[in-house]
Amino acid sequence: MMTPVISLFLKDEAETTRFGEDLALALRQGDCLALSGDLGAGKSSLARAFLRAMADDDDLEVPSPTFTLVQSYNLRIPVAHFDLYRLGDPAELTELGFDEALQDGICLVEWPEMASDELPADRIALKLEHEGQGRQVTIAAPDKQAARIRRVLAIRDFLDAAGYPFAKRRFLTGDASLRAYEAVYPGDGKRRILMDWPPLPEGPPVLDGKPYPKVAHLAENAYPFVAIANALRQEGFAAPEVYRVDYDQGILLLEDLGVDGVLDVQGQPMADRYRASVACLAHLHSLAIPQDIRVTDSHVHHIPDFDRTAMKMEVRLVLDWHLPWKREGIAASDAERDEYLAIWDGLIDELETSEKGLLLRDFHSPNIIWRENEAGIARVGLIDFQDAMIGPTAYDLASIAQDARVTIAPDLFQQLMDDYLTLRRAQGGFDEARFLKSWAIMSAQRNCKLAGLWVRLMQRDGKPGYMKHMPRTLAYLSVALEHEVLAPLRDWLVRAGIVPSES
């Protein structure tokens with residue numbers, strides 16, 4: 001269903017180029033952008049700007065497809081640029097490979113009226129008309145596509161208000177979460193990062209009438225990110241400075257900490273960078289970060305506790321997703337569920353006396369930036385900490401020493417554990433045995449969550465690529481199960497067929 005039109009005025013060629021670049025951030029695989037307008041109205045200019053932004057190449061050759069009818073580009077998302085002015089018959093569109101191009105990527109179509117009714121009904125219809133020295137743009141699109149276009153325009157308005165009206169924007173990354181990131185180039189030689197975190201309607205209740213994010217204490221707006229960033233920076237950690245934020249819309253302009261990570265070109269862990277990351281973590285765990293952090297004059301962020309409800313909600317993913325997948329559709333019995341959750345109640349009881357502090361929650365390779373020219377803890381750039389909680393500090397050591405996205409070899413694992421324990425002993429007042437018990441429980445908790453999450457991402461969200469992490473996750477889980485406190489869980493997992501008996 002088409003929404004009411006989006007209308008805007010582009011006063012000159014520069015604004016036309018800027019709008020084409022912004023559209024490159026809005027369109028997705030399967031979108032058809034139909035460009036209408038008289039000769040010279042700006043269709044080719046818009047298409048050229050779109051393609052150069054998609055390629056992140058301001059000098060990309062964009063020949064007119066007037067005679068070839070179609071020009072294909074193998075970009076971040078494949079793009080097929082059609083010019084149908086010379087199309088003899090609408091049926092020829094099939095012969096040009098339109099359907100395949102739309103299935104695999106994005107189709108830009110100039111002179112769409114020549115295709116009659118052959119274009120998809122859910123196309124984005126964009127019309128350009130001369131108006132004075134500029135161009136009037138009107139867009140009719142289905143609700144989903146229109147919402148994406150309105151979002152990139154809202155971000156452009158945000159950048160205008162920040163004093164960067166002609167900043168160049170480029171796609172940076174998206175992840176399994178609901179946030180996306182752009183690289184912003186204001187023209188001063190200093191790149192910024194834009195976090196696009198749109199507010200979403202509340203999901204269905206999963207426990208006690210609450211949706212999953214509320215039960216698991218996942219951040220639902222920008223306040224937690226800004227609060228944790230400010231608290232970390234105050235203690236000398238390399239968290240990004242927040243230059244500007246729109247809390248209502250969920251748009252943040254951030255400091256760029258760099259592009260280097262902790263993996264080498266083959267995607268393998270770099271031991272020195274992991275060891276520095278663990279040293280950074282040991283320092284964090286020596287500090288008392290306040291649980292209530294003032295963000296604005298009217299808002300105080302209370303860092304949530306990693307409580308029993310959140311821990312059990314996460315480990316339920318084994319019951320709800322992993323076990324049925326392992327058994328080819330056979331769900332856990334009521335008795336199995338009750339026993340498993342009772343075991344976790346006992347393990348959570350064991351955490352009562354554990355060391356508590358700020359845990360960043362996902363302290364692993366995707367969220368660590370290496371800053372070679374800095375020193376000490378400032379070498380380790382921290383991002384993606386909006387879901388931080390107060391809980392057993394051992395959780396974050398499990399996150400990095402058993403990195404979910406890359407295999408940590410036993411020798412490196414032992415080195416990281418030894419480094420951390422040595423640094424904590426030197427701080428004084430450190431109960432090593434109690435910490436290692438907490439580490440085993442937190443490792444098991446995290447890996448049980450992941451063992452279910454990978455299946456959920458595949459089956460519910462259509463993202464099978466995460467299943468490649470499953471063998472590693474189960475191997476990490478087996479390491480945690482070696483601790484005597486986890487004997488009941490180990491027995492249950494063996495009986496359920498999730499881990500082998502020799503573990």
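The values are calculated or read from the model by the stated rules, or taken from the named source; none is laboratory data. Since we're looking at a predicted model, the values are computed, not measured. In this analysis, Cβ positions are derived from the backbone assuming ideal geometry, glycine residues included, and neighbour counts consider all displayed protein chains. Heads up: the accessible areas ignore ligands, DNA and RNA and are worked out on the full protein's heavy atoms, side chains in. Shrake-Rupley method; radii C 1.70, N 1.55, O 1.52, S 1.80 Å.
Would you mind stating whether L263 is without any contact (Cβ under 8 Å) to a residue 60 or more places away in the chain and under 20 Å from D384 (Cβ atoms)?
Details: without any contact (Cβ under 8 Å) to a residue 60 or more places away in the chain: no; under 20 Å from D384 (Cβ atoms): yes.
Considered against the rule, which asks whether it is without any contact (Cβ under 8 Å) to a residue 60 or more places away in the chain and under 20 Å from D384 (Cβ atoms), L263 comes out as no.
Looking only at the range 404-426, decide whether some residue is surrounded by 14 or more Cβ atoms within 10 Å (Cβ to Cβ), under 27 Å from S333 (Cβ atoms) and charged (D, E, K, R).
No.
One line per residue, one yes/no per condition, for (1) modelled with pLDDT under 95; (2) in contact with a Cys (Cβ under 8 Å, 6 or more places away or on another chain); (3) under 23 Å from L218 (Cα atoms):
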{"residue": "W370", "(1), (2), (3)": "no, no, no"}
{"residue": "I377", "(1), (2), (3)": "no, yes, no"}
{"residue": "G391", "(1), (2), (3)": "no, no, yes"}
{"residue": "I400", "(1), (2), (3)": "no, no, yes"}
{"residue": "L412", "(1), (2), (3)": "no, no, no"}
{"residue": "D419", "(1), (2), (3)": "no, no, no"}
{"residue": "R424", "(1), (2), (3)": "no, no, no"}
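Restrict the check to the range 55-66 and report whether at least one residue is open to solvent by 70 Å² or more (accessible area, probe 1.4 Å), assigned to a loop (DSSP other than H, G, I, E, B) and touching a residue at least 12 places away in the same chain (Cβ under 8 Å).
Filtering the range 55-66 down to residues open to solvent by 70 Å² or more (accessible area, probe 1.4 Å) leaves 56, 58-59, 61, 64.
With the extra rule that they be assigned to a loop (DSSP other than H, G, I, E, B), the set shrinks to 56, 58-59, 61, 64.
Next, only the ones that are touching a residue at least 12 places away in the same chain (Cβ under 8 Å) stay: 56, 64.
So far as the range 55-66 goes, yes, one or more of its residues are open to solvent by 70 Å² or more (accessible area, probe 1.4 Å), assigned to a loop (DSSP other than H, G, I, E, B) and touching a residue at least 12 places away in the same chain (Cβ under 8 Å).
Kindly evaluate A219 against the criterion of being in a loop (DSSP other than H, G, I, E, B), closer than 20 Å to F363 by Cβ and in contact (Cβ under 8 Å) with a residue 24 or more places away in the chain.
Numbers: in a loop (DSSP other than H, G, I, E, B): yes; closer than 20 Å to F363 by Cβ: yes; in contact (Cβ under 8 Å) with a residue 24 or more places away in the chain: yes.
Considered against the rule, which asks whether it is in a loop (DSSP other than H, G, I, E, B), closer than 20 Å to F363 by Cβ and in contact (Cβ under 8 Å) with a residue 24 or more places away in the chain, A219 comes out as yes.
Mind checking which residues of the range 103-131 are open to solvent by 10 Å² or more (accessible area, probe 1.4 Å), closer than 17 Å to A24 by Cα and among the acidic types (D, E)?
Within the range 103-131, D104 is the sole residue that qualifies.
Output the residue which, of all residues in the range 222-242 that are surrounded by fewer than 16 Cβ atoms within 10 Å (Cβ to Cβ) and in contact (Cβ under 8 Å) with a residue 12 or more places away in the chain, is nearest to the chain's Cα centre (by Cα). Explain how you work it out, then say what you get.
Within the range 222-242, the subset surrounded by fewer than 16 Cβ atoms within 10 Å (Cβ to Cβ) is 234-236, 241.
With the extra rule that they be in contact (Cβ under 8 Å) with a residue 12 or more places away in the chain, the set shrinks to 235-236, 241.
Numbers: E235: 26, G236: 25, E241: 19 Å.
My answer is E241.
Within the group V259, V245, which residue is modelled with pLDDT under 95 and open to solvent by 20 Å² or more (accessible area, probe 1.4 Å)?
Values: V245 fails: modelled with pLDDT under 95.
That would be V259, the only listed residue that is modelled with pLDDT under 95 and open to solvent by 20 Å² or more (accessible area, probe 1.4 Å).
Could you tell me which residue of the range 449-480 is nearest to D411 (Cα to Cα), considering only residues that are touching a helix residue (DSSP H, G or I) at 6+ places or on another chain (Cβ under 6 Å) and small (G, A, S)?
A480
Please find, among G267, G189, the residue that is open to solvent by 40 Å² or more (accessible area, probe 1.4 Å), on the phi > 0 side of the Ramachandran plot and out of contact with any Phe, Trp or Tyr (no Cβ under 9 Å at 6 or more places or on another chain). It would help to see each step written out before you state the result.
Values: G267 fails: open to solvent by 40 Å² or more (accessible area, probe 1.4 Å).
Result of the check over G267, G189: G189.
In the range 163-179, what residues are open to solvent by less than 30 Å² (accessible area, probe 1.4 Å) and part of a loop (DSSP other than H, G, I, E, B)? Before the answer, list the steps.
The initial filter retains those residues of the range 163-179 that are open to solvent by less than 30 Å² (accessible area, probe 1.4 Å), namely 167, 169-170, 179.
A167, R179, listed by residue number.
Can you confirm whether the range 193-216 contains a residue that is modelled with pLDDT of 95 or more and either in a loop (DSSP other than H, G, I, E, B) or among the polar types (S, T, N, Q) (or both)?
No, there is no match, as no residue in the range 193-216 is modelled with pLDDT of 95 or more and either in a loop (DSSP other than H, G, I, E, B) or among the polar types (S, T, N, Q) (or both).
Report, by residue number, each residue of the range 132-162 that is out of contact with any Asp or Glu (no Cβ under 9 Å at 6 or more places or on another chain) and either over 25 Å from L39 (Cβ atoms) or crowded, with 16+ Cβ neighbours inside 10 Å (or both).
Within the range 132-162, the subset out of contact with any Asp or Glu (no Cβ under 9 Å at 6 or more places or on another chain) is 132, 139-140, 143, 146-147, 150, 157, 159-160, 162.
I139, A140, D143, A146, A147, R150, D157, L159, D160, A162 - these are the residues of the range 132-162 that are out of contact with any Asp or Glu (no Cβ under 9 Å at 6 or more places or on another chain) and either over 25 Å from L39 (Cβ atoms) or crowded, with 16+ Cβ neighbours inside 10 Å (or both).
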